Amino acid sequence: MSMIDVRGLTKRYGPHTVVDDLSFTVEAGQVTGFLGPNGAGKSTTLRMIVGLAAPDRGSVTIGGRRYAEIPVPLLEVGALLDAAAVHGSRTAYAHLHALAVSNGLPRRRVGEVLARTGLESVAGKRAGGFSLGMRQRLGIAATLLGDPKVLIFDEPVNGLDPEGIRWARDLMRSLAAEGRAVLVSSHLMSEMAQTADHLIVIGRGRLVADAAVSELTHASGEGTVLVRAAEPGDFALRLSAAGAGVREGLEGSLVVSGMSAGDIGRLAAYHGVALSELTPQRVSLEDAFMELTRDSVEYQGVAA
């Protein structure tokens, strides 16, 4: 079921078109990763979804309604766009309690979301003394207060340590497993590869890809094959002569492209070359992302 429906969304700031005729949907029951280089228009798009910015053209609906038409948004949409948007003198409990009361939610929800986000032990501490990672957890707790069916997170693992990142990943997956629609913007490709079911990739405000993670990595190629041979130099020459691309890997290994593991094995057998390893390497999400967005990067460095 489509929970977020973006259609022809366009946003300009002066002469600059930040979001350009963008359309995509976010489905219930899965984590949708929202990716793009810096300046691609991700944050602006998220702001338009929750009514913090007005589109110049196009529309966004959540569960069939515009955000402004939802009577009590916190009951239907939880959004974390800025973890710093917390009054520093308030305790974690007081911050969440104020949100609960103002939205007509029972006090018990405060304790429940503090427990789910691991903040019970610091509930009485002021948010101004929190680390960035703790503020992220507090922001996530606030999104969960109304038990919404749609959750939107902008860089939710920013500032989290490795344990916190794993916790956030497991939380996103569990929220989707409960039938919620989860939209997550992130720069961490390795994390999105483990968290997201589906990916929306944009560049310069335009849609670049809308596909499952597996589809994106498959479409970007068959990857490489890691090879370890008794005489790597000689075998590299034979691979090159057979049309494969070969480069040196770590600890004397060969990284072979353009030839399947089976063909490499047959070539080795034909020439009597002993192989100690023959391992296909999948195209990483990072490689697929870089290939998709190479023409959309705002600032490009030049290798020395």
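What follows draws every value from the coordinates through simple rules; no lab data is involved. Note that the coordinates shown come from a computational prediction; the quantities given were computed from them, not determined experimentally. Methodologically, a virtual Cβ is constructed for each residue, glycine included, from the backbone with ideal geometry; neighbour enumeration extends over all protein chains shown.
Within the same chain, lysines fewer than 8 places from LYS42 are excluded, and of the rest, those with a Cα less than 30 Å from its Cα are LYS11, LYS149. Listed by chain and number, the lysines whose alpha-carbon sits under 20 Å from that of LYS125, ignoring those within fewer than 8 places in the same chain, form an empty set. The orientation-averaged shadow of the Cα convex hull for segment 69-134, equal to a quarter of the hull surface, comes to 4.7 nm².
Here the chain is treated with +1 on each Lys and Arg Cβ and -1 on each Asp and Glu Cβ, and its dipole about the Cα centre works out to around 1260 debye.
Annotation for segment 219-279: trypsin sites (Lys or Arg not before Pro) lying in DSSP loop with at most 14 further Cβ atoms inside 10 Å of their Cβ do not exist.
The alpha-carbon atoms of segment 1-154 define a convex hull whose volume equals 126 cubic angstrom per residue.
Using a Förster distance of 35 Å, how high is the FRET efficiency between ASN38 and VAL101, based on the Cβ-Cβ distance and rounded to 0.05? Given R0 = 35 Å and the Cβ-Cβ separation, E is 0.40.
Taken one residue at a time, the phi angles of segment 22-37 give Karplus couplings (6.51, -1.76, 1.60, θ = phi - 60°) of 8, 9, 6, 10, 10, 8, 6, x, 8, 9, 9, x, 10, 10, x, x Hz. Gly and Pro are set to x. Show log10 I(q)/I(0) for segment 222-282 at q = 0.26 Å⁻¹, two decimals, from a solvent-free Debye sum over equal Cα scatterers. Rounded to two decimals, the profile gives -1.13. Remark: relative contact order (the chain) = 21 percent; criterion is Cα-Cα distance under 8 angstrom and separation of 6 or more residues. The gain in end-to-end length when the ALA115 to VAL72 segment is fully stretched comes to 13.1 nm, 0.36 nm per residue minus the alpha carbon separation. Evaluated at q = 0.10, 0.12 Å⁻¹, the base-10 log of the normalised Debye intensity for the chain, with identical point scatterers placed on the Cα atoms, takes the values -0.66, -0.85. Within a Cβ distance under 11 Å of THR17, other residues only, what is the Lys/Arg minus Asp/Glu net charge? Local charge sum for THR17: +2. Normalised by 2.2 N^0.38 Å, with N the number of residues, the alpha-carbon radius of gyration of segment 89-165 equals 1.04.
Each Lys and Arg adds +1 at its Cβ and each Asp and Glu adds -1 at its Cβ; summed about the Cα centre, segment 116-216 shows a dipole of about 320 debye. Note on GLN194 and ARG247: the model spin-label points, each 7 Å out from Cα along the C-beta direction, lie 2.5 nm apart.
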